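Everything below concerns the one structure shown next.
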Amino acid sequence: FRENLGQSESSGNYAAKNSEGYTGKYQFGAARLADYMKANGTQFSMAEFQSNPRLQEQVQAWHEGDILDFVSESGLDKFFGQTVGGVTITPSSVLGMAHLGGKTGMKKFVESGGSYDPADSNGTRLSDYGKKFESGSVPQVEDKAGQAAIAKGLAALFADSGSLNATPLGNVPVPGGFGGGGQMSPLSRRGMPGAGAI
């Protein structure tokens, strides 16, 4: 998934920067990078981020774990395996939509049955990214901080579902959302279909 996302966002170019200021292989904006710096107690400039592929991968790993935590805390796991607005809801599709439209935008899409489906400045809708990434594979994370973030997100996602032992906690799911969260429905703690495939 991650490589597919990088190709979709920048053709895999770590040095990419678009006209709206989104930077790097995964096209992060200043607000999401500020979230990362605050959460991790670090500071760097946009230029430093653009010139550092390892840092970009670390931010992406954190970003994915943060989205998985949000999915778990919001109870969105109850939608896994369902089709919403033409999108099969999977960890990959949720992460793809959150990467494009933020965690709150992804939540609104899912909870509205797909009626909330805005497009970005390129005309790409949340549902487009959901469909594009609904069956992504799970790449490895090399850095320990990224592994810890993903392990935490996956553990929260699968807590009490009986699926924890089936999940490769050293692996990393897809990229996720920009911007702040907002509150959602309580956790359902239901098992996730196909959890062993993550």
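The values are calculated or read from the model by the stated rules, or taken from the named source; none is laboratory data. Please read these numbers as outputs of a predicted model, since none were measured by experiment. Here Cβ is always computed from backbone atoms with ideal geometry, including for glycine, and neighbour counts include all displayed protein chains. Accessible surface is based on the protein model in full, side chains and every heavy atom, while ligands, DNA and RNA are left aside. Shrake-Rupley method; radii C 1.70, N 1.55, O 1.52, S 1.80 Å.
Would you check if there is a residue in region 62-75 being closer than 25 Å to Arg125 by Cα and touching a strand residue (DSSP E or B) at 6+ places or on another chain (Cβ under 9 Å)?
yes
Of all residues in region 100-129, which are of a type outside the set (Gly, Ala, Ser) and closer than 17 Å to Ser74 by Cα?
Selection gives Lys103, Thr104, Met106, Lys107, Lys108, Phe109, Val110, Glu111.
From the list Val94, Val59, Val71, which residue is under 13 Å from the mean Cα position of the chain (by Cα) and more than 23 Å from Lys131 (Cβ to Cβ)?
The conditions single out Val59.
Going by what's in this entry, would Gly113 be described as assigned to a loop (DSSP other than H, G, I, E, B), open to solvent by less than 60 Å² (accessible area, probe 1.4 Å) and in contact with a Lys or Arg (Cβ under 7 Å, 6 or more places away or on another chain)?
no
Report, by residue number, each residue of region 48-71 that is open to solvent by 10 Å² or more (accessible area, probe 1.4 Å), under 19 Å from Gly102 (Cβ atoms) and among the charged types (D, E, K, R).
The answer is Asp66, Asp69.
I'd like the full set of residues that are open to solvent by 80 Å² or more (accessible area, probe 1.4 Å) and at pLDDT 90 or above, limited to region 123-150.
Arg125, Lys131, Lys132
Go through (1) open to solvent by 40 Å² or more (accessible area, probe 1.4 Å); (2) within 21 Å of Met97 (Cα to Cα); (3) part of a helix (DSSP H, G or I) one by one and return the number of the condition Ala39 breaks.
(2)
Out of region 7-28, which residues are part of a helix (DSSP H, G or I) and within 15 Å of Ala98 (Cα to Cα)?
Ser8, Glu9
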